[in-house]
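Written below as structure tokens is the structure these notes are about.
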Amino acid sequence: MMRSMFSGVAGLKTHQMKMDVIGNNIANVNTTAYKSSSINFSELLYQTQSFASGPNGTTGRAGVNPKQIGLGVQSAAITNAITTGGATQNTGNPFDIKINGDAFFVVSGGSGYNFTRDGSFYVDAAGNLAMSATGYNVMGWGIDQQTGTIKKDTVQALRIMSTANMEYPPEATTEAYVSGILDRNEPDATTSAGKTLAMRFYDSLGYSYMAKFSIKETNVKGEYTVELADIMNSEGESLVDVYNVNSIDEIAGFGGTNYTTPTTVMRDPITGVTYDSATGTYTKALGPEDVLSNYSSTKLSGITYTYQANQGDVKAGDTVTMDGSGKVSKSDLETTNGLIFVGADDPANTQNPKEDYYLLPAKDGKPEMRLTAGSSTADWEAALGITGITSVNMDDDGVSFELTQDFTAGRDAAFLNGMFTSEISQEEAYGLDPNDTKTQYTIEVAENGRARITSRTEYKGYILKFNVDTGKFDNIGGGNSVTLDFNGSVTTKLGTTESLGSFSDINVDWRTVTWFDNGGASTISSTPGTSGEDGSTKGLGAGRAAGKMSGISIQNNGEIYCTYDNGMSKLVGQIAVAKFANAAGLEKVGDNLYAATLNSGDFDGVGVDITADGEGSMTTGALEMSNVDLSSEFTHMITTQRGFQANSRIITVSDTLLEELVNLKR
């Protein structure tokens with residue numbers, strides 16, 4: 001009976017222990033990443049009343065089983081459902097991380113390592129990624145400064161918001177490419193300024209600049225010159241002015257001085273030009289507006305001027321007398337000369353007798369003037385601001401004048417057959433620009449004046465060629481790319497030397513430009529960085545401004561990237577995890593932490609990549625919930641209660657039996 005009573009006591013103790021386990025599970029039903037525990041019972045030692053005996057072949061007696069009385073129950077083991085994942089709770093916090101798989105975060109409070117499934121993290125004042133519940137540092141791997149990749153060495157605290165990570169350094173542009181369509185009917189390509197191509201780039205300090213290239217059509221089909229026109233800073237100032245130099249060539253070179261492919265045309269002298277084969281001279285008929293420098297500003301509108309032939313030839317600077325006659329209309333007198341017509345019947349006309357007149361209002365200290373048909377020529381000269389009027393006749397349509405007026409000759413000329421003539425240059429005779437110093441002409445003239453003209457144009461840059469049959473890029477300067485070559489320094493007009501060391505040479509790739517029809521509108525443009533045409537990573541060498549950290553993202557393999565407002569991102573570390581041969585052997589130490597034990601396996605101090613086995617991963621913006629199953633826990637609670645109740649009855653009944661035994665003595 002005493003044995004049965006102690007068995008009942010053992011049963012009460014073990015069921016109480018199971019109740020403690022159940023209570024702890026239920027208490028942690030909302031604890032982040034909590035792993036539920038369960039208890040297993042085992043029977044205690046047995047007291048053997050008689051041992052087993054085997055069958056006797058001689059006597060034919062059968063064997064007898066042993067007779068044993070159990071001594072109760074004990075707790076065999078308390079195990080954690082550590083490999084059973086909890087449900088996912090989305091939080092939206094980028095520093096909340098859920099582990100998918102059987103790994104553990106590695107954290108450290110300064111002495112040794114602990115392990116947790118609680119991925120509720122934050123960044124502390126020092127920039128370290130830390131565990132919210134304890135402040136323990138989250139451990140992981142840093143960056144190999146030589147390669148920029150993860151260095152999987154002994155784990156260390158992940159200081160993701162260090163001073164070095166708060167900013168992204170600037171980088172000079174070293175690559176660019178040109179793409180789009182250069183339409184062969186592009187009107188700007190035929191002008192002296194050319195079609196402008198702008199290319200934005202950075203120097204090594206992160207400052208932004210824009211190089212402007214001029215694309216001009218040559219006389220050869222499918223060929224264009226490409227020249228560097230200017231380089232401007234972000235304020236719109238030309239570097240020519242910034243560095244106080246004479247030309248952009250002193251800042252950067254873009255090809256050498258070359259000439260376009262020579263072209264030959266047959267051309268007659270322009271209209272009005274006469275060629276004298278005996279003297280090899282060209283004479284052109286000129287109007288007075290071509291000879292007299294002040295003709296357009298001094299003449300009266302509506303007056304026809306004739307040259308006084310007895311003056312002979314005209315030299316530049318001579319005073320040339322012209323006889324004029326004609327009628328100046330009312331509208332010209334009003335709009336050009338400021339006179340206001342007042343009719344005889346106009347109510348404003350208070351003169352007596354009433355007659356038509358022109359009114360010149362008072363202006364600039366001069367008194368008002370009334371001009372009639374009877375006004376003197378001196379009055380009309382004063383009103384019109386000229387001299388030499390000999391007669392005036394006013395009628396309803398305007399005022400007729402005869403006058404002799406002086407002009408100033410702006411060029412040498414002769415008067416022949418009622419018109420001015422002048423000897424002009426050979427270039428002018430064939431409509432060529434004599435002031436174009438960049439074009440060289442070879443002119444072979446026949447006796448009739450028809451000429452074979454061969455021309456080539458000087459340029460500082462490269463020739464861009466297209467395949468005229470396919471419209472595709474052929475070459476530029478004989479290759480696929482050209483270089484914007486910055487000088488190392490520059491000497492200003494004041495004689496001082498300025499460094500240009502912050503600039504890097506830029507390789508400009510032109511292979512993706514085409515010569516297709518686009519309705520006369522070109523779409524040609526440039527983009528910093530490589531085009532990726534060679535299979536390389538697109539955008540390499542694009543350069544950038546300095547950037548400030550704008551965000552942090554954590555990948556599913558634990559890699560941590562900082563993003564910056566200049567569009568760049570940088571790998572700054574990786575969260576390492578620990579895996580154990582027997583995760584259930586870990587020891588719970590509170591605060592959602594575990595410690596390694598002799599039976600869990602040791603942590604090597606390095607850890608592993610969670611994705612190394614192809615099964616594990618991390619989910620950001622989410623936490624792992626407790627894996628406690630309340631329905632199971634309540635069921636276990638009921639069976640535990642009944643077990644405890646039944647064991648208490650053993651003690652009660654055993655006590656009753658003992659009482660009866662004691663009563664036998666009475």
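Quick one: would you say Ala103 is under 18 Å from Ala581 (Cβ atoms) and either among the hydrophobic types (A, V, I, L, M, F, W, C) or out of contact with any Leu (no Cβ under 9 Å at 6 or more places or on another chain) (or both)? For Ala103, the condition - under 18 Å from Ala581 (Cβ atoms) and either among the hydrophobic types (A, V, I, L, M, F, W, C) or out of contact with any Leu (no Cβ under 9 Å at 6 or more places or on another chain) (or both) - is met. Within the stretch 569-589, being hydrophobic (A, V, I, L, M, F, W, C), surrounded by 19 or more Cβ atoms within 10 Å (Cβ to Cβ) and outside any helix (DSSP H, G or I) holds for Val572, Ile575, Ala576, Val577, Ala578, Phe580, Leu586. When we screen Gly410, Gly343 for residues that are more than 23 Å from Thr306 (Cβ to Cβ) and either aromatic (Phe, Trp, Tyr) or out of contact with any Lys or Arg (no Cβ under 6 Å at 6 or more places or on another chain) (or both), the only hit is Gly343. For Thr530, the test of being at pLDDT below 95, surrounded by 13 or more Cβ atoms within 10 Å (Cβ to Cβ), polar (S, T, N, Q) and not in a strand (DSSP E or B) is passed. Scanning the stretch 512-550 for residues that are under 16 Å from Pro169 (Cα atoms) and touching a residue at least 60 places away in the same chain (Cβ under 8 Å) yields Leu540, Gly541, Ala542, Gly543, Arg544, Ala545, Ala546, Gly547, Lys548, Met549. Residues of the stretch 409-439 that are farther than 17 Å from Asp290 by Cα and at pLDDT 90 or above: Gln426, Glu427, Tyr430, Leu432. Looking at Gly567, is it under 48 Å from the mean Cα position of the chain (by Cα) and more than 17 Å from Asp102 (Cβ to Cβ)? In short, yes.
Scan the stretch 442-471 for residues that are surrounded by 14 or more Cβ atoms within 10 Å (Cβ to Cβ), within 26 Å of Val513 (Cβ to Cβ) and of a type in the set (D, E, K, R) and jot them down. If the condition is that a residue be surrounded by 14 or more Cβ atoms within 10 Å (Cβ to Cβ), within 26 Å of Val513 (Cβ to Cβ) and of a type in the set (D, E, K, R), then Arg456, Glu458, Lys460, Lys465 are the ones that fit.
Determine which member of the set Gly374, Gly324 is open to solvent by 50 Å² or more (accessible area, probe 1.4 Å) and either assigned to a loop (DSSP other than H, G, I, E, B) or not hydrophobic (A, V, I, L, M, F, W, C) (or both).
Gly374
From the list Gly317, Gly302, the lone residue that is modelled with pLDDT of 90 or more, on the phi > 0 side of the Ramachandran plot and loosely packed, with under 14 Cβ neighbours inside 10 Å is Gly317. Checked against the criterion of being without any contact (Cβ under 8 Å) to a residue 40 or more places away in the chain and either open to solvent by less than 40 Å² (accessible area, probe 1.4 Å) or assigned to a strand (DSSP E or B) (or both), the stretch 561-568 contains one or more residues that satisfy it.
Annotation: of all residues in the stretch 620-666 being open to solvent by 50 Å² or more (accessible area, probe 1.4 Å) and closer than 30 Å to Ile97 by Cβ, the one that is nearest to the chain's Cα centre (by Cα) is Thr620. I'm checking my understanding of the structure. Among residues of the stretch 417-441 that are in a strand (DSSP E or B) and without any contact (Cβ under 8 Å) to a residue 60 or more places away in the chain, which one is most open to solvent (accessible area, probe 1.4 Å)? Filtering first and then ranking leaves Tyr441.
Restricting attention to the stretch 386-415, the residues being part of a loop (DSSP other than H, G, I, E, B) and over 26 Å from Asp318 (Cα atoms) number 2.
Hey, does the stretch 214-221 have a residue that's among the β-branched types (Val, Ile, Thr) and at pLDDT below 95?
Taking every residue of the stretch 214-221 in turn, at least one turns out to be among the β-branched types (Val, Ile, Thr) and at pLDDT below 95.
Among the residues of the stretch 591-613, some residue qualifies, meaning at least one is assigned to a strand (DSSP E or B), of a type outside the set (Gly, Ala, Ser) and within 24 Å of Ile143 (Cα to Cα).
So how many residues does the stretch 292-305 have that are outside any helix (DSSP H, G or I) and touching a residue at least 40 places away in the same chain (Cβ under 8 Å)?
8
Scanning the stretch 211-231 for residues being without any contact (Cβ under 8 Å) to a residue 24 or more places away in the chain and either in a loop (DSSP other than H, G, I, E, B) or open to solvent by 40 Å² or more (accessible area, probe 1.4 Å) (or both) gives a total of 1.
Count of the stretch 487-502 residues, restricted to those that are open to solvent by 20 Å² or more (accessible area, probe 1.4 Å), under 20 Å from Asp230 (Cβ atoms) and touching a strand residue (DSSP E or B) at 6+ places or on another chain (Cβ under 6 Å), is 3.
Pairs linking a residue in the stretch 21-43 that is on the phi > 0 side of the Ramachandran plot to a residue that is hydrophobic (A, V, I, L, M, F, W, C) and open to solvent by less than 40 Å² (accessible area, probe 1.4 Å), with Cβ atoms under 8 Å and 6 or more positions apart or on different chains, are Ala33/Leu623. Only residues that are open to solvent by 50 Å² or more (accessible area, probe 1.4 Å) and in contact with a Lys or Arg (Cβ under 9 Å, 6 or more places away or on another chain) were counted in the stretch 145-170, giving 4. Across the stretch 105-126, not a single residue is classified as modelled with pLDDT of 95 or more, assigned to a loop (DSSP other than H, G, I, E, B) and open to solvent by less than 40 Å² (accessible area, probe 1.4 Å).
For the stretch 191-210, the set of residues classified as open to solvent by 40 Å² or more (accessible area, probe 1.4 Å), part of a strand (DSSP E or B) and under 23 Å from Asp565 (Cβ atoms) consists of Arg200, Tyr202, Met210, listed by residue number. Each residue in the stretch 8-23 was checked for being open to solvent by less than 70 Å² (accessible area, probe 1.4 Å), in contact with a strand residue (DSSP E or B) (Cβ under 9 Å, 6 or more places away or on another chain) and either among the hydroxyl-bearing types (Ser, Thr, Tyr) or over 18 Å from Ile651 (Cα atoms) (or both), and 4 of them qualify.
Exactly one residue out of Ser75, Ser38 is in a strand (DSSP E or B) and farther than 30 Å from Thr619 by Cα: that is Ser75. Against the definition (outside any strand (DSSP E or B) and buried (at least 20 other Cβ atoms within 10 Å of the Cβ)), how does Thr173 come out, yes or no? Against the criterion (outside any strand (DSSP E or B) and buried (at least 20 other Cβ atoms within 10 Å of the Cβ)), Thr173 qualifies. All of (1) closer than 20 Å to Ser296 by Cβ; (2) more than 60 Å from the chain's Cα centre (by Cα); (3) touching a residue at least 24 places away in the same chain (Cβ under 8 Å) hold for Asp332 with one exception: (2). Every test in (1) open to solvent by 20 Å² or more (accessible area, probe 1.4 Å); (2) in contact (Cβ under 8 Å) with a residue 60 or more places away in the chain is passed by Asp395 save one, and that test is (2).
The values are calculated or read from the model by the stated rules, or taken from the named source; none is laboratory data. Because the structure is a prediction, the values reported are computed rather than measured. Cβ sites come from the backbone with ideal geometry, for glycine too, and all protein chains shown count toward neighbours. Each accessible area value is taken on the protein alone, full model and side chains, heavy atoms only, with ligands, DNA and RNA left out. Shrake-Rupley method; radii C 1.70, N 1.55, O 1.52, S 1.80 Å.
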